[in-house]
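Below is one structure, written out as structure tokens; comments come after it.
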Amino acid sequence: MSQGVTACPLDCFDACSIVYRDSKLSGVKSGHTQGFLCPHLNHYNEFERIISPRYKGQKISIKDALVILKEILAQSPHKEMLYYKGSGNFGLMQDVTEHFFSEFDAISTEGTLCDGAGEAGILKGRGSNQNMPLSEIAKSEVVIVWGRNPHTTSSHLLPFLKGKKLIVIDPVTTKIAKQATIHIQLKPNTDIYLAMLLMNYLEISEGLDKDFLDKYKDKYEEYCKLIKNYSNSDLLQNMDISLEKVKRVVELVNGKRVAIVCGLGIQKYKNGADVMQAIDAFALSLGLFGKEGCGVSYLGNSKEGLVSPFSSKAKRVSKVDVAFDEYKSIFIQGSNPLSQMPNTARVKETLSKVQNIVYFGLYENETSRVADLIIPAKTFLEKEDVRTSYSHNGFMVMNKQIESDIGISEYDLAKYLCLEFGIELKDEEEYLTHFKNFAQEKKDGSFEVKLRDTIQYRNGFDTKDGEFKFLQKFHIEAMRDANEMYLITPKSAKSLNSQFVREEEVFLHSKLGFKEGESVKISSAAGSVVLKVKYNDDLRKDCALVYSGTPGVNNLTSSEHSSFGKSAIYQENRVIITDII
């Protein structure tokens, strides 16, 4: 096949539609993709992939790799077999391997290294996680970009922001912050205070949507009392911002169609669920739900409206702090736990005691380098799949574009294992047809997931009584020691976690006294890493920025969970930076 339409497989807000022609990728001109792609896809064919399977360092054939995998499974008691899956590819057919391991009675994982705390807060307040799609953000008059850097993480959002009043809330003066009407450069992990203070000033300025509140509030008065336990001056001091900016935000949003676009950084904390629930409460007070051009955009449930045909009955353990050494064998798919899991020292120690580590993926990384058996996967261009998105309602078919002898698809691997172990598996086309039955065609010829609404919660919330649930208590952020700095770990424009071109520096404000290019030791309660300094005066002086995927960054992070959502809390960690003598 020389050309065709497919979709990006990456775990990204944009989930773009792609044209493959003459060995090149380009963005579909219609719809939200708007004819352009991100740097990852523009250079996709330049990233070196794993070509050959290996066992104990020796190259082998795919056939031999499958036989060895079968022998590993046959010799591993089912409760000593762990299946650990990441989100390296977001296609729905990726779960076919989980179907095998679930029916095999292996142990799987639960929780998330990404967005779980924020989603938990949304579920607590709204009862479900419906997302505000891009088509509705386009209709907004004012957009609050709260902890999101769209130039890096969701560039296809940018055209929808043109001509709108922008309010950016971020400890970093990002490119979008420089374009904003207002930028609030608050301290990390003080977003909950800002959400509370904005509620206070909405009430003072009589900006509350009282009709909406009367219809959907639950224990609103109790929440207001909770907020008033904290003086405005104390909240402002904790955030290190001015009252004038808070008042200006309230003035700008009053009576307008407002979209609040949230990123992941706001919830990478123990209290991440509380933060998201407080932001939702502010949105509710403005009456932003159930109305055109209004709402809160975070990460919606990408599988909303779908029913999976794959088994998921497995017993599960935490993805954040799983003890690998409790298992004889581990099958790792589309993930790099030795880089991306928190507390690398603990992960490294427990992995070193595993008898059989199987790595199934596209690229070499820290985890593939310690694996016993490496099985290369096929790229998204070499197999059939479908996908949905967590930031829009699109349903995209990922048509196979090229034939290749390299690697094996998830379906073909699962098919082999199911046949060897007597587990039922339907034909691949049956599963693809099952998923496609959840799609409906739009007038422009594109497809969306059936029954998903473009306007969030137009008929009330999905709680038992249809009302929004307000926070009744929350965790208070501990004050930072004067010698400590806040660690922030955003996405890089060059990489997607540990895929593609990874950063290797710590970014600091130039006035902190460190020399650019010098190596410094960054230490936390969990461990340390040595990185070179690079200046970034868009940072607060109390912040050390190390991009997600930077080798060694998770030496600094603890494997503690968020209070809700079983999520990693990468930015809960404070660090001390010292010169290397």
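If you average over every viewing direction, what projected area does the convex hull of the Cα atoms of region 450-581 give, in nm²?
Orientation-averaged projected area of the Cα hull: 12.2 nm².
With the dipole of region 249-386 worked out from charges on the C-beta (+1 for Lys and Arg, -1 for Asp and Glu) around the Cα centre, which of 308, 375, 262 lies farthest toward the positive end?
It is 308, whose Cα lies furthest towards the positive end.
Relative to the present Cα-Cα distance, how much length would full extension add between residue 519 and residue 234 at 0.36 nm per residue of separation?
98.9 nm
Select from 471, 44, 514 the residue farthest towards the positive end of the dipole of the chain; place +1 on Cβ of Lys and Arg, -1 on Cβ of Asp and Glu, and compute about the Cα centre.
After comparing all options, I get 514.
Under unit Cβ charges (Lys, Arg +1; Asp, Glu -1), what dipole magnitude, rounded to 20 debye, does the chain have relative to its Cα centre?
Dipole about the Cα centre, nearest 20: 860 debye.
Within region 77-112, name every residue whose backbone N is under 13 Å away from a label modeled 7 Å from Cα of residue 355 along the Cβ vector.
So the set is 77-82.
Given the whole protein assembly as supplied and a 1.4 Å probe, what does the accessible area of residue 222 come to in Å², nearest 10?
Here the residue's solvent-accessible area equals roughly 80 Å².
Within region 397-456, how many lysine pairs that are 8 or more places apart, or on different chains, have C-alpha atoms less than 20 Å apart?
Lysine pairs meeting the criterion: 7.
When the helices in the chain are scored as -39500 (n - 2.57) per DSSP H run of 4 or longer and the sum is shared across all residues, what 222 nm value do you end up with, to the nearest 500 deg cm²/dmol?
When only DSSP H runs of four or more count, the value is -6500 deg cm²/dmol.
Quick one: Cα centre-to-centre distance for region 174-240 and region 394-418, in angstrom?
So the two Cα centres are separated by 48 Å.
Please get the size of the charge dipole for region 482-581, origin at its Cα centre, with Cβ charges of +1 on Lys and Arg and -1 on Asp and Glu, quoted in debye to the nearest 20.
The calculated dipole for region 482-581 is roughly 140 debye.
What are the principal axis extents of the Cα atoms in the chain, in Å, biggest first?
71, 66, 45
In straight Cα distance, which aspartates and glutamates are under 19 Å from residue 270, not counting same-chain residues fewer than 8 positions off?
Within the straight-line cut-off, residue 270 pairs with 110, 115, 119, 170, 191, 280, 321, 477, 481, 484, 560, 572.
So which of 187/541; 219/303; 59/348; 56/353; 348/532 end up more than 21 Å apart, counting from Cα to Cα?
219/303; 59/348; 348/532
Can you give me the long-range amide H partners of residue 447? Hydrogens built in the peptide plane at 1.01 Å from N, cutoff under 5 Å, separation of 5 or more residues or another chain.
Residues meeting the amide H criterion: 395, 442.
Along the charge dipole of the chain, Cβ charges K/R +1 and D/E -1, which of 235, 288, 356 sits furthest on the positive end?
My answer, from the dipole projection, is 235.
Mean projection of the alpha-carbon convex hull of region 364-481 over all orientations, in nm²?
Result: 15.8 nm².
Add +1 for every Lys or Arg and -1 for every Asp or Glu among the other residues with Cβ under 13 Å from the Cβ of residue 198, and state the total.
Around residue 198, the surrounding residues sum to -1.
In whole Å, what are the Cα extents of region 429-515 along the three principal axes, biggest one first?
Principal-axis extents of region 429-515 (Cα, largest first): 59, 43, 27 Å.
Which value in nm describes the separation of the simple spin-label points at residue 52 and residue 67, placed 7 Å from the Cα toward the beta carbon?
1.7
Hey, if we sort 572, 98 by accessible area with the 1.4 Å probe, largest down, what's the order?
The residues order as 572, 98, largest area first.
Alpha carbon centre of region 511-552 versus region 83-107: separation in Å?
Distance between centres, Cα-based: 36 Å.
What would the Debye formula give as log10 I(q)/I(0) at q = 0.11, 0.12, 0.17 Å⁻¹ for the alpha-carbon point model of region 93-173, no solvent?
Reported log10 I(q)/I(0), two decimals: -0.51, -0.58, -0.91.
Just add up the charged neighbours of residue 517: K/R +1, D/E -1, any other residue whose Cβ is under 14 Å from the Cβ of residue 517.
-2
Provide the solvent-accessible area of residue 574, counting protein heavy atoms only and rolling a 1.4 Å probe, rounded to the nearest 10 Å².
Here the accessible area works out near 40 Å².
With +1 on each Lys and Arg Cβ and -1 on each Asp and Glu Cβ, and nothing else charged, work out how big the dipole of region 209-297 is about its Cα centre, in Debye to the nearest 20.
My answer is approximately 120 debye.
The values are calculated or read from the model by the stated rules, or taken from the named source; none is laboratory data. Predicted model only: the values in this text are computed from it and were never measured. Ideal geometry is used to build each Cβ from the backbone, glycine not excepted, and the neighbour counts take in all protein chains shown. Note: accessible area is taken over every heavy atom of the protein model, side chains too, but ligands, DNA and RNA are not part of it. Shrake-Rupley method; radii C 1.70, N 1.55, O 1.52, S 1.80 Å.
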